[in-house]
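These notes are about the structure you will find just below.
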Amino acid sequence: MPAIELVDVSRVYQKYSAKHRFQTFKSAIVGGDIFRSLRPEELVTAVDGVSLTVEKGETFGVIGENGSGKSTLLKLVAGIAKPTSGRLKVAGKISALIELGAGFHPEITGRENVFINGIMLGLTKKEITRKFNDIIAFAELEDFIDAPVKTYSSGMYMRLGFSIAINVNPEILLVDEVLAVGDAAFVPRCLDRIDDFRRRKKTILFVSHDLTTVAKICDRVAWMKNGKIQMLGEPKRVVDAYLQDVAAKQEEEFQERRKASAPALEAAAGPVHDASPASEEEARAKRWGKREIEIRKVTLRNLRGEEKHVFHPEEGMVVEMDVAAREPIKDFVFGIGIFNSLGVFCYGTNTNLEDLEPVSISGEGRVGCRIERLNLVNGTYYLDVATHKRDGYPYDYHRSLYTFYVSSLLRDEGIARLEHRWEFSPAIRFKTPEK
Amino acid sequence: MARLFKNLKELFKYRVLIQNLVSRELKARYRGTVLGFLWSFFNPLLLMVVYTIVFGFILKPRDPSIGASPWSYALFLFCGILPWVWFSSSSIESANVLMIHGNLIKKILFPAEILPVVTVTSNFIHFSFGLPILLIFLVIFGKPLTVYALLLPVVIVVQFVFSLGFSFLLSALTVHFRDIKDILGNLLTFWFFSTPIVYSFQSDPIQKAPAIKTLLSLNPMTHVIEAYHYCLFYGRLFHWKRLGLTLLIALVMFVIGYAIFDRLRDSFPEEV
């Protein structure tokens, strides 16, 4: 029997214009019909015809960008918002970890708030009295429970809120991004509790941006986009598809930005003598050299040859330079340099450092630098490309004129990923990953 | 109508929550004050002192229905001001209540109509704190209680229904028209003087001017406050026909107020 069932559920929000906000009661009366002025001027469809079945005992994840309708979906299931159309059935007691401590009153004590908040969440007074010690123990607030809530730190506030909500002991638990604010010690304990729920075969609807956790704990995942379910199924597959979509979108944004900054780039990339004095100076900071050999165009591709700006490490990267020599030249070097957003020089190499002896270049040509695995951590990177003499005399030097982005599921830190493997002696044991 | 009853039944299920929220409201209001809940009594008392000085001692009313003594006038005032403060505080607070508790409406499953109910109820509790003190004053200053004081709950019910209906209306409309709060202050001042609180409905100038008498009779609060005067100050039976009609009007107010509240309900989470 399904715990949550949605059939073609939509939720339309009314958007009142700015004009409406400043409207006064007087003008509504003078203008005539009160209800006419209460009519919304624009409608926003937050959830658009979603059909979904969550089985009892299932941990179901929902991912998607901000504004894709995840939270609205959760509010619909929680009953906070009513569907505009469609059918929604929920079987069992719900507890929603949407906004922790939403009903706390700052002036009264933590103890009194536990009771009122508990009742709001559907507990009886007796149940709260019974669970009271558990609640404050989990929140680690034994010493502060009789102080007014206004004296609490935001962490204490959140812990108490979480602790009450989790102790409601629901059949269905709704979790919305609440773990994002906890401290390093509290979040694992919250996840423990959620794990505990899973073991006891309770239904969990989990909304998060933390894709790693989603992929790890969920049985199925739905990816929402523009209020619709874009994809639903096995967690890893859905998360991957979502990441690819995000990457494609970032790619688009890069293109847009490149178009927007095209004039400046052109000034930098174009012939030196054509540029106006102001941009010439700017240009000189980004590009210099007499261009006996000119780098006319730089293209970033993955190993399959597709032009890209957002790369997964496994995709690899090819830096492709279209070059042209004004006259035959015998002394030349091609090089690249990669910088991260903090300006740290992550990696650089050139043909000379790798002992490639130049022989000759004449006319137009193409240089490619093929990186089989792009072992950089997540982030934005800037690329230098250059051609110069072996003694360093520049022909054409491009300074940070190109950007790319590395996006990966792994969360390692630093600058580059060193290929590695963990090894443990038999006395040290880790859980084998479930999937 | 069927929907109204269904929702009221729903509301009844939340009585424990209402009860807790009311007690929270009472605790929170005077937390940190020296006199605590005594303020529920001092506020109307101070108001009464001011009016007694101005109207009793400076203007010296010679209204035979009240009595010539300034003390008698003070008691008369107190009988009217106490319930009026209940009504006006409920109204003013209701105008704000949905905005103040916006995150409840937005973030958790919470029937919004609880909020005006809590407001009116907690102000009723303040009223009932003041009531025994009023009764003691009446006895001390020579207005002994009669059996008609036992009819007080009837008057209270009429006021409760009317006040609740008005609060539903105000709280829902203020979400969309924020300036109701400002209008309300003036409206209540006007309303206060249109209700026989500082003067008696039985006084000659009113009884002899049919136009004013009719006008005042159209104000439901006139009959409510009059009934308080009859129960406590005069010690006689109130005009039960007038009060009955007022109850009817109060019920109409309640149904209209609730209907508008219910109709605007879905816009609350976005607008508060």
Taking beta carbons within 10 Å but only from partner chains, what does the mean come to for residues B:98-110? 5
For a label point 7 Å from the Cα of A:Gln230 along Cα→C-beta, name the residues of the range A:62-78 whose backbone N is under 15 Å from it. A:62-71
Rounded to 0.05, the calculated FRET efficiency for the beta carbons of B:Trp191 and B:Phe57 at R₀ = 30 Å is 0.70
In terms of the Cα gyration tensor, with a ≥ b ≥ c the square roots of its eigenvalues, is chain A rounded because a/c is under 1.5, prolate because a/b exceeds b/c, or oblate? prolate
Looking at chain A as a GNM with Cα springs under 10 Å, which of A:Asn167, A:Asn340, A:Asn350 has the largest mean-square fluctuation? A:Asn350
Separation of the range B:191-210 and the range B:126-180 by C-alpha centroid, Å? 19 Å
For B:Lys181, A:Lys259, what ranking results if the residue with the fewest other Cβ atoms within 10 Å of its Cβ goes first? A:Lys259, B:Lys181
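Treat every Asp and Glu Cβ in the protein assembly as shown as -1 and every Lys and Arg Cβ as +1, leave all other atoms uncharged, and give the resulting dipole magnitude about the Cα centre to the nearest 20 debye.
Roughly 3300 debye for the protein assembly as shown.
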Non-local amide H neighbours of B:Lys143 (under 5 Å, H modeled in plane, Pro and chain starts lacking H): which ones? none
Amide H of A:Met231: which non-local residues (sequence gap of 5 or more, or other chain) have their own amide H closer than 5 Å, using H built in the peptide plane? A:Trp223
Computed over chain A: longest principal axis from alpha-carbon atoms vs helix A:154-167 long axis, angle to nearest 10 degrees, is 60 degrees
Highest-fluctuation residue, B:Leu135, B:Leu82, B:Leu232 considered, GNM on chain B with Cα pairs under 10 Å: B:Leu135
With only Lys, Arg, Asp and Glu charged, each at its Cβ (+1 for the first two, -1 for the last two), find how big the charge dipole of the range A:291-406 is about the Cα centre; round to the nearest 20 debye. 200 debye
Phi to ³J(HN,Hα) by Karplus 6.51 cos²θ - 1.76 cosθ + 1.60 over the range B:55-64, Hz, x for Gly, Pro: 8, x, 9, 7, 7, 6, x, 10, 9, x
Centre separation in Å (Cα based) which lies between the range A:118-159 and the range B:241-272: 36 Å
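Sorted from fewest to most neighbouring beta carbons within 10 Å, what does the list B:Tyr228, A:Tyr405 look like?
A:Tyr405, B:Tyr228
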Can you give the FRET efficiency for B:Val34 and A:Thr151, using 1/(1 + (r/R0)^6), R0 = 30 Å, r = Cβ-Cβ distance, to the nearest 0.05? 0.90
Rounded to the nearest 20 Debye, what is the dipole magnitude of the range B:1-52 about its Cα centre when Lys and Arg each give +1 and Asp and Glu each give -1 at the C-beta? 360 debye
Across the residues of A:114-124, average count of Cβ atoms on other protein chains within 10 Å? 3
Under 29 Å between alpha carbons: how many lysine pairs meet that in the range B:2-271, if sequence neighbours fewer than 8 apart on the same chain are excluded? 21
Percent of beta bridges antiparallel (DSSP, the protein assembly as shown, rounded to nearest 5): 75 percent
Taking a straight Cα-to-Cα line shorter than 24 Å from A:Lys236, and setting aside same-chain lysines fewer than 8 residues away, one finds A:Lys56, A:Lys70, A:Lys201, A:Lys202, A:Lys216, A:Lys225, A:Lys228, A:Lys249, A:Lys308, A:Lys431, A:Lys435
Measure nothing but the geometry: give the 0 to 90° angle between the long axis through the Cα atoms of B:180-193 and the longest principal axis through the Cα atoms of chain B, rounded to 10°. 20 degrees
With the charge dipole of the protein assembly as shown built from beta-carbon charges (+1 for Lys and Arg, -1 for Asp and Glu) about the Cα centre, the Cα from B:Phe12, B:His176, A:Thr53 projecting farthest to the positive end belongs to B:Phe12
Output wanted: per-residue J couplings in Hz (rounded whole) for the range B:232-248, from phi through Karplus 6.51 cos²θ - 1.76 cosθ + 1.60, θ = phi - 60°, x for Gly and Pro. 9, 7, 7, x, 10, 6, 6, 5, 5, 5, 5, 5, x, 5, 5, 4, 4
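How much length is gained if the chain between B:Tyr148 and B:Ser65 is pulled fully straight, taking 0.36 nm per residue apart and subtracting their Cα-Cα distance, in nm to one decimal?
This chain segment gains 28.1 nm when fully extended.
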To the nearest 10 degrees, the tilt of helix A:125-139 (Cα long axis) against the first principal axis of the alpha carbons of chain A is 30 degrees
Shielding of B:175-183 by other chains, given as the mean Cβ count within 10 Å, works out to 4
How would A:Lys225, B:Lys208 line up from fewest to most surrounding beta-carbon atoms within 10 angstrom? B:Lys208, A:Lys225
At 0.36 nm per residue, and after removing the present C-alpha to C-alpha distance, how many nm does the segment from B:Lys181 to B:Met99 gain when stretched out fully? 28.3 nm
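Every number here is computed from the coordinates shown, using simple stated rules; none is lab data. All figures in this text were calculated on a predicted structure; none of them were measured in a lab. FYI the Cβ positions are ideal-geometry reconstructions off the backbone, even for glycines, and counts take in every protein chain you see.
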